[in-house]
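Visitor: Structure provided below as C-alpha cells; questions to follow.
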Amino acid sequence: MAPRRDAARVLLRIAFRNLLASPVRTGILGAIVLVGALIVVVGSSVLDSIDRGMRTSIQGSLGGHLQVYEARSEGALELYGGLRGESLLEPIEDFSKVKAVLEQVPNVKQVVPMGIDQAMVATGNAFDLALERLRGDVRRLEAGEDGPELRRDYAAHAAHVRRMVQLLRDEIAQAREISDPEGREAAERKSEWEALQRAATDAFWRDLDRDRYGSLEFLENRVAPLAMDTAFTFLRYVGTDVDAFFRAFPLAEVVKGERIPTGQRGVLVGKQYAEEWLKLKNARRLDQIKDARDRRGKRIADDEELQRWVRENRAGIREILLQLDPIRADALAQELRPALGAPAAEPLEALLGRLFAATDESFDGQYRIFYDVVAPKLRLYQIDVGDTITIKAPSKSGYFSSVNVKVYGFLQFKGIERSGIAGMMSVLDLMSFRDLYGYLTAEKAAEIRALQKSMGAREIDRERAEAELFGAADGALVGEARVAEIDEGALVKRREEERASAADLAAHVYSQEELEHGVALNAALILDDPRLLRRTEGDVRKAIADAGLGLKVVDWQEAAGLVGQFVTLLRVVLFTAVVIFFAIALVIINNAMVMATLQRVKEIGTMRAIGTQRRFVVTMLLVEIATVGLVFGLAGAALGAGVVWGIRVAGGIPAVTDLLYFVFSGPALFPRLGALAVGGSLAVVLLVAILSALYPALIAMRVTPVEAMATED
Amino acid sequence: MHRALAFLALAAALAAGPAAALTPPELAKVVATIDERQRNSGDWKALCYMEAKEKGKTDVVYELVVYRRDEDDKQMFLFTKPRAEAGKGYLRIDKNLWLYDPAVGRWERRTERERIGGTDTRRGDLDESRLVEEYDAKFEADEKLGVYGVHRILLVAKPGVDVAFPQVRLWVDQATLNVLKRQELALSGRLMRTAYYPRWKKVFSPSKGADVWYPEEMRLFDEIEKGNSTLILIKEIDLRPLAANLFTKAWLESKSR
Amino acid sequence: MSIVSVEHVSKDYMLGKTVVPALRDVSLAVGKGEFLSIAGPSGSGKTTLLNLVGCVDTPTAGRVIVAGQDTARLSERALTELRLRTIGFIFQSFNLVSVLSVFQNVEFPLLLQGGQTRKERAERVLALLDAVGIAEHARHRPSELSGGQRQRVAIARALVTRPALVLADEPTANLDSETGGNIIDLMKEMNRRDGTTFIFSTHDPKVMAHASALVRIEDGRIASREDLDAARLAGGR
Ligand SMILES: Nc1ncnc2c1ncn2[C@@H]1O[C@H](COP(=O)(O)OP(=O)(O)OP(=O)(O)O)[C@@H](O)[C@H]1O
Ligand SMILES: [Mg+2]
C-alpha cells in the first residue's frame, strides 16, 4: 500500500504543478467547465421549479392526478385545448358506472366528472340589449300588466334607447360628411338615414305607445343594425359536478358572487376571462395602464403602448355614453364636474374626455375617480354575476342547442389568478353541459329516422347525380300541384311535459343521482397520496380492464396536452443546449489536452525511461483534467447557486405571458436549488472532462521511453 | 296562318341547331321568365323537409314551415320537427335575420349568410327569385344536361347589389325554361355550391291569377366541404293570405308558447 | 560475471521502405564496476546500442541480457520495473521534470519504487545532492539552474535508487568542455565510490580518456575494445 501512496502523492503533485505551470490553458478549460456547471445548475433548478409550478397549476385547476376518458376517442384529452380546438372525445355514457368502479381503487380519493367545451354566448350589441329590455317591458304591458314600477322601467328604457338613437345619429351624421357613395349604395344609405332621422323625432317617441311592437320592430330592424357592434363571445367551460369540483381542486375559489347551489344549474365565469373579454374596454385599459405602471414600472410619457391605451380610451367614451340613460347620464355629469374641477356647464362627453386624458401625474387620481364615480353607474362586465346568460353550442347530434344559465359568480384559481390558461376556464353545471353537448340518444336517433322515412327522402350519389336526376325523360321534370292548407299550430304543438320553461329549469334541483347518471367526457381522479401516482395508475388500468369500461388513463401532465408538453419542450431545449455546449467543450478540452500532451512528450518519455509505468502516466493526465473539472465544476455550481439565490432575491423571473403565468403557477418563478442539480452538474462536467481527456491519455500512453533520448535542437 | 308561322319559326329554330345562341333580348326574356314563373304576388306558405348530410356525422333533418311576403321582403321559418327543434324559428325583415329559440326565450341577431339550422341552406334558397334585379346575364352555350337540352347562362351580380354569391351559372331547360342546375361561385370564380332542381311543380295562384312554379326538390352539394349535401323538399304549398302580424317577433313567440 | 551481455545483436530501422541497419551482429559484455565509454562517428549506432541495453528498445535479432535477465522475455511492465530498479539514466539534455524541484526530481524514482519512509528518502536524496555538490539548490526548479548543475541533478536522480547500471548517452554534449569534464569526474567518482557500472557514449576524446574501457563502433559494428585501465596501469608503472 505504501508504494502506491507515495506514487499517488507524486502523481498529484505533478498534475497540480502542470496545471499551475500553464495558467492560461487551465483558465480556459476551467472557464468552460465553470460555465457548463453554471448552466446545468441554473437551468435544472429553474426547470425543476417550473415543473413544480406546472404541477401546482395543472393538478390544482383541472387536471387532478389522473384522468380517464373513453378509449375509442378520436383525439387525446387536452384539458387546456389543443392547436385544433377542443379534444375530440367520445362520451362516457354513464359516469356513475365509472365512478363506482374507480372509487374502489386503493388510493383514489375522488372521481370528478368533467366535460370541456366551448360555446357561443350571445351578448347582443348594446343597442339590441337596450331594445331587448324595452321589449320585455312592452311584452308585459301588452299582456295587460301595469303598475308604476313597470311604467317607470318602461320610460327609463325608452329614454335610454332614444338617447342611443341620438348618439348613433350624431355619429352617422359625421360619417355621412366624409363618404359620399353613389348609385344603389347611396339609395340604401339614404333610406338608413331616413330611418334614423325618423327614430330621432319627437313624434316617433310620442307615438311609441300607439304601436309598441311596430315601433320596436322598426328600431330593431332598421336602426339597431347601424350600430354594428359585436354581439357574441365564446365561453370555454368545464361542465362538472360543482361540489365535487371544489372539493377536488382546492385552488378554485369564487371571487365574486357565490358557488352554484348544490344540484342547481348555473355557471361560474372565469375571472380572467371576464377581465379580458367581458369587461368594459375602457375599464380594462385603465387596469392595464395601472398594472403596467405599478408592476412593470412603465410610464405613459415614454411608453407607446400606454399612450395607445390612453388614446383608445378617449375613443371608447361612446361605449360608456351608450350605456347611460339620460337620467343617469345627468347624475354622472353632476358628480364628475366637482371631482374633475370642470366648469359648471361642461357636458358629459367632455367630462369623460377629461377623465380619460391621463398623464403620469394625473393617472392615479383619474383611476380612482373612474372606479368611485363612473363605474358604479355602468355595467362593467358584459356578463356579470346575477345575469342569466344564453349559451349556444352545436351539439353532437348536429342541431344547435341553447341553455339559459344563471351566472352565480366569478371563478379563479389561487396563485394563478392571472393565468390566461386556467383563468379562461368557466365552470358549468353538469346538466347544462349535457344539454349543450346534446348526446344523440337512441330515442332521438329513432325520431330522425322516422322523419326521414316518412318524407321518402332518397339519397343520391354526388358523382352520378346528373345521370340519376336528368338521365331519363320520364316526365318527372314538371308536374302540377294543388294548394294545401298548412296549420302550423297543430304542427308545433309540443307535449306538455316538454314545455319546461327556462324558469322551471333554473329552479329545479337535481339529485346527486341525476348528476351522476349521464354523460361526461372525462373524469379527474384525485389521489390520497400523489406520490403513489404510478402504482395507482396501474391499479386504475387494471380496474378498468376488469370492469370492461374501455377507458383510457393518462396522468395529469399528458392530460394537459400542449401545455403539459411545455416542460418537456423546455427540457429538450435545455438538454440540447447543454449537449451542444458540452460537445463543443469536449472538442476544446480535448484539443488543449492533446497539445499539452504533445508538448510533454519528452518529459513523459523520460519518466517512462526512468521507470514510470504507463498506468501512472495515464492517471496523471486524468487527474489533471479531473482536478480542473472538480475545482471549476464546484465553482460553477456555487456560482449557479448564487445566481439562483440572486433571482429569488430580485423577485423571481417575472411571468410576462399567460403561458408563463400558468407554468410558473404565479406572477413570478422562484427557482429552488436542488441537491440533484448541483450533484448532477458536477457529475456531468466531470464526465465530460474525463471523456475529453481519454484521447490525449491514449497519446500519452503511447509515448515510448525512446522519446526521452531524442536530442532537442 | 298563325300556325304556319309558328311552324316556320320552330323549323328555323331546329334548323339552326344547337349552335344557335340566344340573342340578348332572348336571353333577357329567358331570365325574366324564370323570375316571373316563380313570382307570387300574394303570401306564400310552404311545408318543407330539410335534410343535411355531413361526412362522419349523423344526418340533421327538419320539418319546417316557410313563410314569404315578397312585397315587404319578409320571410320566416318555423321549425316543427324533430320535437326538440319545434318552435325554433328564423324571422327575416330586410337585412335582419333573427333566430328564436323557445327553450331560452331569446332572439338572436344572425347574419344574412346564416346556414339555416346548421344545414347548407341559405335563406335565399327559399326566397323569391330576383335574378333580373340582382344579376347581369351572359349566354354561354346551348348543351345537354342528361337528356334535356339546356341553355347555359352565366349571371354576374350587378354592381352595388349585396348577394350571397357574386356569380351564378344556370342550366335552363330549353323546353320548359325551368332551372335544372345552378352553380354558385365566389368572386374568384371558385365553385362554392352546386344545386339541382329535378322536379318543378306549378300551382294556380289566385292572387297572381296565374300559375306559380316552385322546385319540389332541391339538392345542394357543398363544393368546398366535399361530401356535405343538403336536400330540401317542398311538400305542400298554401297560398292563402297570411295574418297581417305574422312577420313579427311577437307572432313567432306566440307559436311556441 | 558481466552485468550486461549483448549477444549477436542486430537492429534495423525502417526508414520508409528502406531498411537502415543501425547495429549489425554486435556482441559485447560489460563487467560489474566498469566505466565503459562507447565511441564512434555520428550515426555509427552508439545511441542504438545504449537504448537496447537500457531496455527502452528491442533488438531485431540477438539477445540483450541485463542483470542476468533476458530482456526479450520480459513484459513491458517488467521492463519498466527493470529500468526503475536496476538502471539509471543520464540524458544528453538532462531531461528533468520541469515542474518538480531539484529535490523532488531526485526523489521521484524513490517514490516510484516506494517502500521507504519519508525520512529515509530525504536522507538519501540529500546525501546524493551533497555528493554531486548541489545540495544548496535542493529547492530550486531545474529551470533556475545552469546546464552543468542540471546534469548533476540528473546524475543524482540516476543514482538515487542505487542502480547496478547507469547509462549515459553523450552526457557532456550539451556542456562546455570544462563543465563536461567536471561531470565526467563526478560520474567517475560515483563509479569508484559505489562500484556502479557506467556505460556512456561520447565523441569527446578527453572524455574517453577517463573511461576504464573504450568500445569503438563503426557503421553498426564493434570496431575495437580497449581496456584503458590496464593500459594506464601498464603505462603508469
Ligand atoms: N528511429 C530511427 N529510425 C530510423 N533510423 C534510425 C533511427 N534511429 C537511428 N537510426 C539510424 O541508425 C543509425 C545509427 O544511429 P544512432 O543514433 O545509433 O547513431 P549514433 O552513433 O548515436 O550517432 P550520433 O553520434 O549522431 O548520435 C544511423 O544511421 C541513424 O540514421
Ligand atoms: Mg547518438
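The values are calculated or read from the model by the stated rules, or taken from the named source; none is laboratory data. Since we're looking at a predicted model, the values are computed, not measured. Reconstructed Cβ throughout: ideal geometry from the backbone, glycine too, with neighbour counts over all protein chains shown. For accessibility, only protein heavy atoms count, side chains too; no ligands or nucleic acids. Shrake-Rupley method; radii C 1.70, N 1.55, O 1.52, S 1.80 Å.
Visitor: Given the conditions (1) crowded, with 19+ Cβ neighbours inside 10 Å; (2) part of a strand (DSSP E or B); (3) within 11 Å of chain A (Cβ to nearest Cβ), report the number of the one that B:Gln75 does not fulfil.
Guide: (3)
Visitor: Go over the candidates C:Val64, C:Val26, C:Val6 one by one and state the one that is away from ligand 1 (no atom under 12 Å from the Cβ), closer than 14 Å to C:Gly220 by Cβ and buried (at least 22 other Cβ atoms within 10 Å of the Cβ). Give the derivation first.
Guide: Details: C:Val64 fails: closer than 14 Å to C:Gly220 by Cβ; C:Val26 fails: away from ligand 1 (no atom under 12 Å from the Cβ).
It is C:Val6.
Visitor: A further question follows. Can you tell me how many residues within region C:9-20 are more than 14 Å from every other protein chain (Cβ to nearest Cβ) and either more than 16 Å from ligand 1 (Cβ to nearest atom) or open to solvent by 50 Å² or more (accessible area, probe 1.4 Å) (or both)?
Guide: 8
Visitor: Same structure, new question: Can A:Leu340 be described as farther than 20 Å from A:Arg284 by Cβ and of a type outside the set (Lys, Arg)? Write out each step before concluding.
Guide: Numbers: farther than 20 Å from A:Arg284 by Cβ: yes; of a type outside the set (Lys, Arg): yes.
It is true that A:Leu340 is farther than 20 Å from A:Arg284 by Cβ and of a type outside the set (Lys, Arg).
Visitor: Of these, A:Ser362, A:Ser432, A:Ser419, A:Ser401, which one is among the hydroxyl-bearing types (Ser, Thr, Tyr) and without any contact (Cβ under 8 Å) to a residue 12 or more places away in the chain?
Guide: Exactly one residue qualifies, and that residue is A:Ser362.
Visitor: Still on this model: What is the one condition in (1) under 26 Å from the mean Cα position of the chain (by Cα); (2) of a type in the set (Phe, Trp, Tyr); (3) part of a helix (DSSP H, G or I) that A:Phe234 does not satisfy?
Guide: Answer for A:Phe234: the failing condition is (3).
Per-residue answers, yes or no, for (1) of a type in the set (A, V, I, L, M, F, W, C); (2) within 11 Å of chain B (Cβ to nearest Cβ); (3) surrounded by 22 or more Cβ atoms within 10 Å (Cβ to Cβ):
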residue: A:Gly398; (1), (2), (3): no, yes, no
residue: A:Phe410; (1), (2), (3): yes, no, yes
residue: A:Gln452; (1), (2), (3): no, yes, no
residue: A:Met455; (1), (2), (3): yes, yes, no
residue: A:Arg458; (1), (2), (3): no, yes, no
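Visitor: On the given criteria, is C:Gly62 closer than 24 Å to C:Val153 by Cβ, more than 16 Å from ligand 2 (Cβ to nearest atom) and assigned to a strand (DSSP E or B)?
Guide: No.
Visitor: Let me ask another. Could you list, in sequence order, the residues of region B:198-249 that are among the charged types (D, E, K, R), within 8 Å of chain A (Cβ to nearest Cβ) and assigned to a strand (DSSP E or B)?
Guide: B:Arg199, B:Lys201, B:Lys202, B:Glu216, B:Arg219, B:Lys235, B:Glu236, B:Asp238
Visitor: Are any of the residues in region B:90-102 at the interface with another protein chain (Cβ under 8 Å from one of its Cβ atoms), over 15 Å from the mean Cα position of the chain (by Cα), in a loop (DSSP other than H, G, I, E, B) and in contact (Cβ under 8 Å) with a residue 12 or more places away in the chain?
Guide: Yes, some residue in region B:90-102 is at the interface with another protein chain (Cβ under 8 Å from one of its Cβ atoms), over 15 Å from the mean Cα position of the chain (by Cα), in a loop (DSSP other than H, G, I, E, B) and in contact (Cβ under 8 Å) with a residue 12 or more places away in the chain.
Visitor: In region A:352-396, which residues are under 30 Å from B:Thr58 (Cβ atoms), part of a strand (DSSP E or B) and open to solvent by less than 50 Å² (accessible area, probe 1.4 Å)? Before the answer, list the steps.
Guide: Keep residues of region A:352-396 that are under 30 Å from B:Thr58 (Cβ atoms), which gives A:389-396.
Pick out the ones that are also part of a strand (DSSP E or B) and you get A:389-394.
Matches in region A:352-396: A:Ile389, A:Thr390, A:Ile391, A:Lys392, A:Ala393.
Visitor: Same structure, new question: Only one of these is hydroxyl-bearing (Ser, Thr, Tyr), open to solvent by less than 60 Å² (accessible area, probe 1.4 Å) and within 16 Å of ligand 1 (Cβ to nearest atom): A:Thr627, A:Thr704. Name it.
Guide: A:Thr704
Conditions (1) modelled with pLDDT under 90; (2) farther than 30 Å from A:Gly266 by Cα, marked per residue:
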{"site": "A:Gln366", "(1), (2)": "no, yes"}
{"site": "A:Phe370", "(1), (2)": "no, yes"}
{"site": "A:Ala375", "(1), (2)": "no, no"}
{"site": "A:Ile383", "(1), (2)": "yes, no"}
{"site": "A:Ser395", "(1), (2)": "yes, no"}
{"site": "A:Gly398", "(1), (2)": "yes, no"}
{"site": "A:Val403", "(1), (2)": "yes, no"}
{"site": "A:Lys406", "(1), (2)": "no, no"}
{"site": "A:Gly409", "(1), (2)": "no, no"}
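Visitor: Please pick out the residue among A:Gly60, A:Gly53, A:Gly27, A:Gly75 that is outside any loop (DSSP other than H, G, I, E, B) and surrounded by fewer than 16 Cβ atoms within 10 Å (Cβ to Cβ).
Guide: After applying the criteria, what remains is A:Gly27.
Visitor: Does C:Ile87 fit the bill of being within 14 Å of the chain's Cα centre (by Cα) and more than 16 Å from ligand 1 (Cβ to nearest atom)?
Guide: So C:Ile87 fits the description; yes.
Visitor: What are the pairs with Cβ atoms under 7 angstrom where one residue, in region A:107-118, is within 19 Å of A:Phe433 (Cβ to Cβ) and the other, located anywhere, is aromatic (Phe, Trp, Tyr)? Sequence gap at least six, or different chains.
Guide: A:Val112/A:Phe245; A:Pro113/A:Phe95; A:Gly115/A:Phe433; A:Gly115/A:Tyr437; A:Asp117/A:Tyr237; A:Asp117/A:Tyr437; A:Gln118/A:Phe234
Visitor: If you take the residues in region C:1-41 that are under 16 Å from the mean Cα position of the chain (by Cα) and charged (D, E, K, R), which one is nearest to ligand 2 (Cβ to nearest atom)?
Guide: Among residues in region C:1-41 that are under 16 Å from the mean Cα position of the chain (by Cα) and charged (D, E, K, R), the one nearest to ligand 2 (Cβ to nearest atom) is C:Glu34.
Visitor: Sort through A:Gly136, A:Gly124 and tell me the only one that's modelled with pLDDT under 85 and either surrounded by 14 or more Cβ atoms within 10 Å (Cβ to Cβ) or in a helix (DSSP H, G or I) (or both).
Guide: When all the criteria are applied, what remains is A:Gly124.
Visitor: Taking region A:519-532 only, how many residues are under 27 Å from A:Tyr237 (Cα atoms) and open to solvent by 20 Å² or more (accessible area, probe 1.4 Å)?
Guide: The number of residues fulfilling the criteria is 2.
Visitor: Could you tell me whether C:Ala78 is more than 12 Å from ligand 1 (Cβ to nearest atom), within 11 Å of chain A (Cβ to nearest Cβ) and over 18 Å from the mean Cα position of the chain (by Cα)?
Guide: Yes.
Visitor: So which residues in region B:144-171 are within 12 Å of chain A (Cβ to nearest Cβ), more than 30 Å from A:Ala187 (Cα to Cα) and either among the aliphatic types (A, V, I, L, M) or assigned to a strand (DSSP E or B) (or both)?
Guide: B:Lys144, B:Leu145, B:Val147, B:Tyr148, B:Gly149, B:Val150, B:Trp171
Visitor: Please report, ordered by residue number, the helices (runs of 4 or more DSSP H) entirely within region A:542-624 with at least 1 residues that are within 30 Å of A:Met54 (Cβ to Cβ).
Guide: Output list reads A:556-559, A:562-599.
Visitor: Scan region C:43-59 residue by residue and report those that are surrounded by fewer than 18 Cβ atoms within 10 Å (Cβ to Cβ) and more than 16 Å from ligand 2 (Cβ to nearest atom). I'd like the intermediate steps shown before the answer.
Guide: Quick first cut of region C:43-59, residues surrounded by fewer than 18 Cβ atoms within 10 Å (Cβ to Cβ) only: C:43, C:58.
Within region C:43-59, just C:Thr58 meets the criteria.
Visitor: Consider B:Trp171 carefully, then state whether it is more than 17 Å from the chain's Cα centre (by Cα), aromatic (Phe, Trp, Tyr) and surrounded by 19 or more Cβ atoms within 10 Å (Cβ to Cβ).
Guide: Values: more than 17 Å from the chain's Cα centre (by Cα): no; aromatic (Phe, Trp, Tyr): yes; surrounded by 19 or more Cβ atoms within 10 Å (Cβ to Cβ): yes.
The answer is no for B:Trp171.
Visitor: Which one is nearest to A:Ala710 (Cα to Cα) among residues in region C:40-74 that are more than 11 Å from chain A (Cβ to nearest Cβ) and among the polar types (S, T, N, Q)?
Guide: Ranking the qualifying residues of region C:40-74, first place goes to C:Ser42.
Visitor: If we keep just the residues of region B:196-241 that are open to solvent by less than 20 Å² (accessible area, probe 1.4 Å) and of a type in the set (Ser, Thr, Tyr), which is farthest from B:Arg130 (Cα to Cα)?
Guide: B:Thr230
Visitor: If you don't mind, another one. Name the residue, out of A:Tyr237, A:Tyr273, that is crowded, with 16+ Cβ neighbours inside 10 Å and touching a Leu at 6+ places or on another chain (Cβ under 7 Å). Can you show your working first?
Guide: Values: A:Tyr273 fails: touching a Leu at 6+ places or on another chain (Cβ under 7 Å).
Selected residue: A:Tyr237, the only one of A:Tyr237, A:Tyr273 that is crowded, with 16+ Cβ neighbours inside 10 Å and touching a Leu at 6+ places or on another chain (Cβ under 7 Å).
Visitor: Which one of these is of a type outside the set (Val, Ile, Thr) and either more than 9 Å from chain A (Cβ to nearest Cβ) or open to solvent by less than 10 Å² (accessible area, probe 1.4 Å) (or both): B:Arg109, B:Arg83, B:Arg115?
Guide: Going through B:Arg109, B:Arg83, B:Arg115 in turn, just one is of a type outside the set (Val, Ile, Thr) and either more than 9 Å from chain A (Cβ to nearest Cβ) or open to solvent by less than 10 Å² (accessible area, probe 1.4 Å) (or both): B:Arg115.
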